[in-house]
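Some notes on the structure that comes next.
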Amino acid sequence: MQCGHFSKNGLEYIITRPDTPKPWFNYLFNDLYHALTSQTGGGYSYYDDPKSNRILRYEHIQTDRPGRYVYVRDEETGEFWSVNWQPVRKKVDFWETRHGLGYTTLTSRTNGIEGKITYLVAQDSPVEIWMVRIKNLDKKARKLRVYPFVEFVSGDIELETCYRNILSLYNEAVYDDKLKAILARKYPFRRGQVEWLNFFSVSHRIHGFETSKETFIGRYNDLGSPNEIRDGTLKNNSVRGEDMIGAFELRLNLAPKEETSFVVCLGFAKNAQEAASYLRKYRRWEVAEEELLEIKSYWKGVVDRIRVHTPDPHFDLMVNVWGKYQLSAIIHSRGTSSYHGTEGGLGYRDTAQDSEGLLALRLDAAMEKIEKLLYYQYHTGHAVSGFSYSEGSWDKNHQAVITGKADVAVWLPYTIVSYVKETGDTEFLKKKYRFHDGGEATVYEHIKRAVRYLYKQRGEHGLPYIRKADWNDAYDHVGLGGKGESVWLGMALARACKQLEGLAHFLKDRKTEVEMRRKYRTLAAIINRVGWDGGWYLAAYNDEGYRIGSAKNEEGKVPLNSQTWAILSEVAPPDRRKKILKLIDEYLDTEYGPALFLPSYTRFDPGIGRVTAFAEGTKENAAVFSHACAFKIVADCLVGRGDKAYETYCKLLPMSPAKSDHTKYTAEPFVWAEYVIGPGSRYKFGEGNFTWNTGTTPWMFIAATEWILGVRRDYEGLLIDPCFPRHWKRASIRRPFRGATYEVTIENPEGVEKGVKRIFLDGKRWDSNVIPPHGDGKIHRVQVVMGRKIK
Ligand code: GLC
């Protein structure tokens, strides 16, 4: 079954039925405020951090409730429904939701009344706006009551979930007559907390309001038929010490074909004055319209910044539009999506990868993250597992749960090296930043310390300790005893050494160059000796010396990341490279892409960790883990397998043919999913899960632009090294780089997968495959001809 399709220009995804197999979300956001909005308006909003500053309640994707609803009631018949379909779920005559970049528009027709709601988040303020239109399609006049509705949390969602009956005792929601708004908040209950509030208001005259959830719905009842909507009148209750909602009663008398419109504002303010100023500004239709126009033009700018054009429209759509949008959306709350419960903040390794992905697209956003990464590094070189803008380091607050991810620091050097390649700015390396636990050092020193720390933290086999996780968070028992070692982390560290060797060479810092080369060689030799299982590379040694990923095991064989990173780190000798890539093709690959390993684990192994307890084929237990598949695509490109790189990219696309049965795939067909359930599952193979928040996003963007199109940042300029599917005869990419824009067209007349035969720069023959930065604000044309003979 199909539940939707893209609009013609690809800038909207049009959902054609309200009951999609899972809620299909859009992220509406600015730097401080996020509104996760499903196709029916379900979802939650938060300010700054999704854990500590949750504004709206959201039960779960199972019910996709509550949400930002507009109930409608016919005064004459007493019949009621909701524009959103949810939560009343009356039969609709027409229903459609368009998820766009920065807005969602929902339209429905029921009982001769058309309702249309556009949701958006103001660009510069913590305010979300609903533009609501109600139209009478009937031949006769209609008397309606209309009720905008939300349910508040107004505080910390983790505490709220744990202590449901206590947290509501801090609640207060009142109608402020002067502001014409409902103000909801939790009384501060700890020293240092401040009285922040959420406000909810409409631009239309109101006949009543409600803030008591219990009165609105009625006990033992639910949102589908709330008592007060059934009766028609809201009772103007303010509440203290109970669950809070916001609802208004509007009375509309509409002549035939008449339409009325109003805006609803929902937001976060530090005090009532601030709320008043937001309401003054945004509670106006014209302002909402202007905001919407500006949001659209902002996203057009982002979409236009890097543009690819290839023979595959789906590839282009993901690179040019939806992948970029997803990348911008997730950087504020890297632990949270509609699938995660109460987690907030940003994972350290995730943030490093997001920043790397953002460098070419939104340097300002990338820089802001990079500074945080530097700050959250310890003076030893190690780093915190993650951090929240409002609560600081994760490790300090939740020691037992997430400390001890061994790999975190290894991601920082990659990002910094990419920063220098992107910008050419070596001065940044001299800038000093504080360490999280005191002291300061230059950026260059920060990344050297990361590498040296990891290099020192090695065990019996000479590989880095894994402690509670490497890239794979779910290998959480492998090294709990302090002895387990990670083969993958050995490779990741080798890659970091290689990159620092390159940087040191560029900086003419011979000492570091030699140091890093030595470290790299030592690691490569160790990995090839103790990391090699005979037919492929292992994942890890656990505390007892058990070889995870080995052929001797019944489950968990051929760990994908150890094979792909053997190539990314350039540790694997050529004969092994061929062998492991063949294994990926023949042993791990599926119609959705390669699984993380196979077979999946079927029972808990306390020597490995939670990966073995997840349902077969789900998440790290041998799903087709999209992030890892992106590594695989880059590995393919490194060895010149253009067909295979493209094949995997296509399989991974959320709109790939294998996923066209939406009932089977279930997830949003317009954003990357963290994983597709793997072949180990008894009945869910092919189901997509955990959309939006995934490291797949930066990696797929980099894989497509820098590796498949092959226009890659480098110290001396833009390196041209495409790795195509053979059947692509032509492709192009527009790439801003260090103050100029490069229009690169690539011809592939001989149908090769890799290899550059000729380059013309601004019409003249260019004898190198590095285009030096012009920095002149102009557009430069680069014509590339691929072919068998390199040169
Ligand atoms: C999740 C995490 C990421 C981790 C991956 C594998 O996507 O956000 O940091 O590497 O799972 O465990």
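Its Cα centre serving as origin, region 465-586 has a Cβ charge dipole (Lys and Arg +1, Asp and Glu -1) of approximately 640 debye.
Helices in the chain, meaning DSSP H runs of at least 4 residues, each add -39500 (n - 2.57). Divided by all residues, the mean residue ellipticity at 222 nm is -8000 deg cm²/dmol. Note on R305 and T77: the extension gain reaches 76.7 nm, defined as 0.36 nm multiplied by sequence separation minus the Cα-Cα distance.
Once you order the gyration tensor axes a ≥ b ≥ c over the Cα atoms, which shape class does region 526-684 get: rounded for a/c under 1.5, otherwise prolate or oblate by comparing a/b with b/c? Since a/c reaches 1.5 but b/c is at least a/b, the shape of region 526-684 is classed as oblate. With both labels modelled 7 Å from their Cα along Cα-to-Cβ, the S277 to L363 distance reads 3.2 nm.
Residue exposure proxy: E76, E485, ordered by other Cβ atoms within 10 angstrom of their Cβ from fewest to most, comes out as E76, E485. Taking a sphere under 11 Å around the Cβ of R284 and counting the other residues whose Cβ falls inside, with K and R at +1 and D and E at -1, yields a net charge of -1. Over region 709-764, the reciprocal of the mean inverse Cα-Cα separation, the Kirkwood hydrodynamic radius, stands at 12.0 Å.
Between 0 and 90 degrees, the angle of helix 363-375 with respect to the longest Cα principal axis of the chain falls at about 70 degrees. A cut-off under 13 angstrom between Cβ atoms defines the neighbours of T233, and their net charge, with Lys, Arg +1 and Asp, Glu -1, is 0.
On a 27 Å Cα-Cα criterion, which of the cross-link pairs K456/K508; K557/K619; K270/K300; K552/K632 come out too long? In this structure, K270/K300 exceed 27 Å between Cα atoms. Using a cut-off of 10 Å between beta-carbons, work out the net charge of the residues near Y13 (Lys and Arg +1, Asp and Glu -1, Y13 not included). Around Y13, the surrounding residues sum to -1. The angle between the Cα long axis of helix 487-507 and the longest principal axis of the Cα atoms of the chain comes to about 80 degrees, rounded to the nearest 10. Applying 1/(1 + (r/R0)^6) with R0 = 51 Å to the Cβ-Cβ distance of D661 and K511 gives a FRET efficiency near 0.30. For region 367-438, the fraction of alpha-carbon pairs lying more than 17 Å apart is 46 percent, rounded to a whole number. A straight line joining the Cα centroids of region 137-188 and region 413-471 runs 46 Å. You can think of it this way: the chain between E750 and R765 has 3.4 nm of extra reach, that is 0.36 nm per residue less the Cα-Cα gap.
Under a model in which nothing but the beta-carbon of Lys, Arg (+1) and Asp, Glu (-1) is charged, the chain shows a dipole of about 1600 debye around its Cα centre. The separation of region 690-744 from region 524-540, counted between C-alpha centres, amounts to 31 Å.
Quick one: Cα centre-to-centre distance for region 299-377 and region 219-269, in angstrom? Taking the Cα centre of region 219-269 as reference, the centre of region 299-377 is 37 Å away.
Translational diffusion coefficient of the chain (Stokes-Einstein, Kirkwood radius from Cα pairs, 20 °C, 1.002 mPa s): 77 µm²/s.
Under 14 Å between alpha carbons, and skipping anything fewer than 8 positions from K754 in its own chain: which aspartates and glutamates qualify? Straight-line reach from K754, under 14 Å: D636, D643, E706, D721. List the cysteines in the chain whose Cβ has no other cysteine Cβ under 4.7 Å from it. That list is C3, C162, C265, C497, C629, C650. Placing unit charges on the Cβ atoms of the charged side chains and taking the dipole of the chain about its Cα centre, the candidate lying farthest along the positive direction among T512, S277, T110 is T512.
Among the trypsin sites (Lys or Arg not before Pro) in region 99-152, those located in a DSSP loop and surrounded by at most 13 other Cβ atoms within 10 Å of their own Cβ are K139, K140.
Counting only Cβ charges, +1 for Lys and Arg and -1 for Asp and Glu, the dipole size of region 710-772 around its Cα centre is about 140 debye.
The chymotrypsin sites (Phe, Trp or Tyr not before Pro) found in region 202-291 that occupy coil by DSSP, while having at most 13 further C-beta atoms within 10 Å, are Y220. Once both labels are positioned 7 Å from their Cα atoms along Cα-to-Cβ, the gap between Y715 and K257 label points is 7.2 nm.
With the simple model of a label 7 Å out from the Cα in the direction of the Cβ, W285 to R529 spans 7.8 nm.
Here is the list for region 496-596: trypsin sites (Lys or Arg not before Pro) lying in DSSP coil, each with at most 12 other C-beta atoms within 10 angstrom of its C-beta, are K508, K552.
No lab work stands behind these numbers, since they all come straight from the coordinates. What you see is a predicted model, and the numbers here were worked out from it, not measured in a lab. Cβ sites come from the backbone with ideal geometry, for glycine too, and all protein chains shown count toward neighbours.
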